[in-house]
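Inspection log for the structure reproduced underneath, given as structure tokens.
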2 protein chains.
Amino acid sequence: MRKCALTGALLVTALATPALANDDVMKLTADPANWAMQEGNYNLTRYSKLDQINKSNVGSLQVAWTFSTGVLRGHEGGPLVIGDVMYLHTPFPNIVYALDLNHDAKILWKYTPKQDPSVIPVMCCDTVNRGLAYAEGTIILTQADTNVVALDAKTGKEKWKVKNGDPKKGQTQTSTSLIVKDHVLVGISGAEFGVRCFMTSYNLKTGKKEWRAYSMGPDSDILVDPKKTTNLGKPVGKDSSLKTWNGDQWKIGGGSIWGWWSYDPDLNLIYYGTGNPSTWNPAQRAGPDGKPIDQKYSMSIFARNPDTGVARWVYQMTPFDEWDYDGINEVPLVDIDVKGKKRKVLVQFNGNGLGYTIDRATGELLVAEKFDPAVNWTTGVEMDKSSPRYGRPYVVSKYSTFHNGADVNTKGICPAALGSKDQQPSAFSPKTGLFYVPTNHVCMDYEPFKVSYTAGQPYVGATLAMYPAPNSHGGMGNFIAWDAGKGKIVWSKPELFSVWSGALATAGDLVFYGTLEGYFKAVDPATGKELYKFKTPSGIIGNVMTYSHKGKQYVAVFSGVGGWAGIGLAAGLTDPSAGLGAVGGYSGLNDYTALGGSLTVFSLP
Amino acid sequence: MRKCALTGALLVTALATPALANDDVMKLTADPANWAMQEGNYNLTRYSKLDQINKSNVGSLQVAWTFSTGVLRGHEGGPLVIGDVMYLHTPFPNIVYALDLNHDAKILWKYTPKQDPSVIPVMCCDTVNRGLAYAEGTIILTQADTNVVALDAKTGKEKWKVKNGDPKKGQTQTSTSLIVKDHVLVGISGAEFGVRCFMTSYNLKTGKKEWRAYSMGPDSDILVDPKKTTNLGKPVGKDSSLKTWNGDQWKIGGGSIWGWWSYDPDLNLIYYGTGNPSTWNPAQRAGPDGKPIDQKYSMSIFARNPDTGVARWVYQMTPFDEWDYDGINEVPLVDIDVKGKKRKVLVQFNGNGLGYTIDRATGELLVAEKFDPAVNWTTGVEMDKSSPRYGRPYVVSKYSTFHNGADVNTKGICPAALGSKDQQPSAFSPKTGLFYVPTNHVCMDYEPFKVSYTAGQPYVGATLAMYPAPNSHGGMGNFIAWDAGKGKIVWSKPELFSVWSGALATAGDLVFYGTLEGYFKAVDPATGKELYKFKTPSGIIGNVMTYSHKGKQYVAVFSGVGGWAGIGLAAGLTDPSAGLGAVGGYSGLNDYTALGGSLTVFSLP
């Protein structure tokens, strides 16, 4: 037996030559001098071991250098740093810059894709892009028009280019990609255009398509094994998605994939969430009996094998969505105490305002608690495993836009459609064991209406108005510390607007984030006390990152207001209630900042 | 006699009530806490008495705050600060911001003009604007489309608005305005479109047109008094302009007015320069005998009475231009020793590469020397007053594009068409008695060709290629110190690209400027030694300014690459030799910076 096992191990090693790309990513992310993934590391904790900048000296932080990207509108994501080179991306037209850190950030190369601007009106929530990925000398760019491009990191020359979708049908790309082994994982958005969205794996070296997993549809399309893929510990069974849709509606079912994704090399599982079902009008999605049905697997988290795409488990947070509470937010992986027991968990701060803690090996639901005190659409999630409702939220009928019906304006729903959190990724510090979460504190009035599907046309089916949550003293956001083991807010720091920037935690006992007015801030992880702030050129919706070069630590962030919260400013909407916009509450941003993409890099003097 | 004089003085005082606007400007500019004019003061010396930031502490300068303007392309000019408010402008569409310095630069108001974008292709050298003017609670905005708008400085509401020209005919506005007494002086550009350009005075309170002086044409149009207006000490005589043009060519004669202007309250004279005659093809402008004629008053400096517009004196630097050597550069007023005698002079660093020192009361030419060692088109200016050629440059026939003829490519002319200096204004320190001059060090090949005039269409008539001057080691600019009394370079600091930013000199024994790559720099006025530099988000073509708020000194500058030197980047020209562009030499800028308008404000920690 023992000999046999040993032989097996040797065999695996032999087959694994040449080295797989994830060796490179793992190696690069293990060195805190780099920032080699948008997410910082496969765990998506956005934590850095760098500690040169720390709680005692952060007050003397100053701007080391700056770089304008030449593009207006919303700048999400952030730079990568690998060795002596920084790689930057921009919103549409998705320019890529390689900057030489050895020579004052001189531009080593610049790649400017040619994209048909007709993709712009198909992008629901600004022309954002969540950034580049890197492995083995290759930069992966995911263009708005769904082209996936591999660039030589040294020269910027194209290695390969594939088309992942069709903007004419409403398919777009805003996500970064995740490189796992030799797989480049790329998501497709378009739930506001009736797109049946999907995750695709391309080969890093060749660009060849490996597998594609749709968010809904037949088992063979969604890559589930009816017997082996589980939902809260039980096999999903045959046609687990199909039977939760009325007729063929799954074909235009939504479930966008554009969040931040994680990977557990030991379990060999990747994790990601899916967005809302199409349309936003729930009445149109009711079952043949006129009652709610789940629309699986919109609003769900998938754990998949990156080699085959087959799901190990899946969990739907918001069955039969009535509010556009996307489930695509980041899914960080941490090992923490939950109810006195060390667990390997996945955490998600969901659009619906609930913070979930889930066993990432099995998909067992451990914690589901409100991380935004405003949340009123649900009284909570059934946690009793023996209940047939186990894992499902209880909906407050007053705030059920389905219960109230189409063409009825349901008022005072919290959170608003953009969720208690949207794309802005959280950070986790192993030193405190806490998550640091940029949140929205916004409510809405929501009026669903009947809408017809036409390929490439908006398929939204609701008008809404968003405004600060009551008793928020006008503040539309909080930056919070969250105990994911207990499901409790540890501290909460109010902000004037939603905190739309990704956070960073460091070994220097610091947490960083940015604000929509444009402030870059450092706070104490223990208390939330503000230790430093600086007004960058424009509102911040990018993610703070850190790197070290020639022994000196730098912290950097994109400015460039936009995104869903800043779409009014970004697209120059004069009617704050126009279209998806519904951004009335954010019109006050006009008093603080203007458009403009640039990078601000900080260091100690 | 004595009593009579006293009565007269009292009478003047009485008549002067209510106070004239220039009292306000004079008062505001006398307080160095403000930066109340684009030029710093009426003398246009760009000198500040602030000395908190000085030679010994400038090394610890850091970025205090930043502000993105939301507009790409070239940002010339700079902010105004009056009391607690900073006023910013942008290139087209010429947005105006009022920022509250008491509240972290919160936007007090924003004014966004509605302008027909069809003006953009009529702007020869990027969509620049050289900034706002202020007097008595009014902000004056000079829009690209030639609207002149008076805004309430407190609210941003329009007080009055007048149309100063017609973009359909090629008339545009890029200049700031100069407010003298109750006169708002505004220039019109368009020499590349065959516009006969003019200076107009509007009443500050009402917007009513007061006078208009054309650059060429009948005496009544150009507002000269044949007997009293002098040229190098002699009356200009009747039809002094008309008789220097072939037939009616003066009607499409050019002579743009967009530089930086000065005012001497004691002499009650305003000073400004004029641009090139139209077209750039000199053969087309020859006299009836086929010989050069002067095309007065293109390429000239005017001294005018601001109340009547009538010229006191005029001097033409480059008669019968063959190279587009504009004479519109700034005209600072200083009192310095010239050949052992204290003189009240005007200084100009002309596009043609000669630094002129002129008695500003009489127009007497005192000094005319090369401030760029590359200059080769002339051997110098005749300084012998008894010569019939007094004040005229001697042209080297090898570099005479007229002598060589149309459709002949004359090579190696120095400087290039954009001059040894263009719009970038110099600074003067009374502490050193020296000028600090941002210069170009660029040569060209120039091929004139026949062109027909059509209103609103380009009327250029030459193609050219520009490149670094020989023996410049690739550097296309120098930042120099100049002794205007002697006509000598005191020191010269080479820069990789032309220095397209305006300089600032301060009582802190510092001189500041910016570079096209985006560096903001402080140097020692005595030696040119670099004491501080910082990489701003984009290339700098704005002018450095300083102000003081709550006892703290700040230094600020616009980033935002563009202007003539940066037009290739700004307009995304892929063919570096396209159109007026001819910016091949500057294509290297792509390796250093990208577009993006923002303000960077510096202070000590």
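The values are calculated or read from the model by the stated rules, or taken from the named source; none is laboratory data. Everything numeric in this text was worked out from a predicted model, so none of it was measured. Ideal geometry is used to build each Cβ from the backbone, glycine not excepted, and the neighbour counts take in all protein chains shown.
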- Message: For the condition away from chain B (no Cβ under 14 Å), of a type in the set (Gly, Ala, Ser) and either without any contact (Cβ under 8 Å) to a residue 40 or more places away in the chain or under 30 Å from A:Pro121 (Cα atoms) (or both), what is the one hit in A:Gly78, A:Gly40?
- Response: A:Gly78
- Item | Yes/no for B:Val499 being under 28 Å from B:Gly597 (Cβ atoms), under 22 Å from the mean Cα position of the chain (by Cα), assigned to a strand (DSSP E or B) and not acidic (Asp, Glu) | no
- Among residues of region A:121-158, those that are of a type in the set (A, V, I, L, M) and outside any strand (DSSP E or B), counted: 6
- Query: Within region A:560-580, is there a residue that is at pLDDT 95 or above, within 19 Å of A:Gln423 (Cβ to Cβ) and facing another protein chain (nearest Cβ under 10 Å)?
  - Reply: yes
- Search result, residues across region A:388-405 that are β-branched (Val, Ile, Thr) and in a loop (DSSP other than H, G, I, E, B): A:Val396
- Under 7 Å between Cβ atoms, at least 6 apart or on separate chains: pull out the pairs that start in region B:58-75 with a residue that is more than 9 Å from chain A (Cβ to nearest Cβ) and β-branched (Val, Ile, Thr) and end on any residue that is part of a strand (DSSP E or B) and buried (at least 22 other Cβ atoms within 10 Å of the Cβ). B:Val58/B:Leu510; B:Val58/B:Ala522
- Query: Based on what the data block shows, is B:Tyr394 in contact with a strand residue (DSSP E or B) (Cβ under 9 Å, 6 or more places away or on another chain), closer than 30 Å to B:Glu76 by Cβ and of a type in the set (Phe, Trp, Tyr)?
  - Reply: no
- Message: Looking only at region A:507-521, filter to residues that are part of a loop (DSSP other than H, G, I, E, B) and of a type outside the set (Asp, Glu); which one of those is farthest from A:Thr536 (Cα to Cα)?
- Response: A:Ala507
- Item | Residue match in region A:531-548 (condition: in contact (Cβ under 8 Å) with a residue 12 or more places away in the chain, assigned to a loop (DSSP other than H, G, I, E, B) and surrounded by fewer than 23 Cβ atoms within 10 Å (Cβ to Cβ)) | no
- First in region B:113-125 and surrounded by fewer than 17 Cβ atoms within 10 Å (Cβ to Cβ), second anywhere and among the hydrophobic types (A, V, I, L, M, F, W, C) and outside any helix (DSSP H, G or I), Cβ under 8 Å, 6 or more apart: B:Pro117/B:Phe92
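So that you can scan it fast, the table gives a plain yes or no per residue for (1) modelled with pLDDT under 95; (2) of a type in the set (Phe, Trp, Tyr):
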position: A:Ser429; (1), (2): no, no
position: A:Leu434; (1), (2): no, no
position: A:Val437; (1), (2): no, no
position: A:Asn440; (1), (2): no, no
position: A:Tyr459; (1), (2): yes, yes
position: A:Ala462; (1), (2): yes, no
position: A:Pro470; (1), (2): yes, no
- Specify which of the listed residues (B:Val523, B:Val583) is at pLDDT 90 or above and surrounded by 24 or more Cβ atoms within 10 Å (Cβ to Cβ). B:Val523
- Flag for B:Trp313 being touching a Phe, Trp or Tyr at 6+ places or on another chain (Cβ under 9 Å), hydrophobic (A, V, I, L, M, F, W, C) and within 30 Å of B:Lys450 (Cβ to Cβ): no
- Query: If B:Leu101 passes every condition in (1) in contact with a His (Cβ under 7 Å, 6 or more places away or on another chain); (2) within 13 Å of another protein chain (Cβ to nearest Cβ); (3) crowded, with 22+ Cβ neighbours inside 10 Å but one, which one does it miss?
  - Reply: (3)
- Note on the structure: Expected output for region B:392-413 (first residue over 13 Å from B:Pro292 (Cβ atoms), partner among the β-branched types (Val, Ile, Thr) and modelled with pLDDT under 95, Cβ below 9 Å, 6+ apart or cross-chain) is B:Asn409/B:Thr463
- strands (runs of 3 or more DSSP E) lying entirely in region A:270-359 (those with 1 or more residues that are in contact with a strand residue (DSSP E or B) (Cβ under 8 Å, 6 or more places away or on another chain) and within 16 Å of A:Gln424 (Cα to Cα)): A:341-349, A:354-359
- Note on the structure: Per the list (1) in contact with a helix residue (DSSP H, G or I) (Cβ under 9 Å, 6 or more places away or on another chain); (2) in a loop (DSSP other than H, G, I, E, B); (3) closer than 26 Å to B:Gly255 by Cβ, residue check on B:Thr454 breaks on (1)
- Message: Can you pull out every residue in region A:104-120 that is within 13 Å of another protein chain (Cβ to nearest Cβ) and not in a strand (DSSP E or B)?
- Response: A:Asp104, A:Ala105, A:Thr112, A:Lys114
- Which of the residues that make up region B:586-605 are buried (at least 24 other Cβ atoms within 10 Å of the Cβ), at pLDDT 90 or above and touching a Pro at 6+ places or on another chain (Cβ under 9 Å)? B:Thr593, B:Ala594, B:Gly596, B:Gly597, B:Ser598, B:Leu599, B:Thr600
- Message: Please go through region B:220-261 and give me each residue that is in a loop (DSSP other than H, G, I, E, B), on the phi > 0 side of the Ramachandran plot and of a type in the set (Gly, Ala, Ser), ordered by number.
- Response: B:Gly233, B:Gly237, B:Gly247, B:Gly255
- Could you please give the count of residues in region A:422-478 that are under 30 Å from A:Asn543 (Cα atoms) and either among the basic types (Lys, Arg) or in contact with a His (Cβ under 8 Å, 6 or more places away or on another chain) (or both)? 8
- Taking region B:183-219 as the search range and keeping residues that are among the aromatic types (Phe, Trp, Tyr) and assigned to a strand (DSSP E or B), which one is nearest to the chain's Cα centre (by Cα)? B:Phe198
- In region B:193-237, how many residues are of a type in the set (Lys, Arg) and touching an Asp or Glu at 6+ places or on another chain (Cβ under 7 Å)? 1
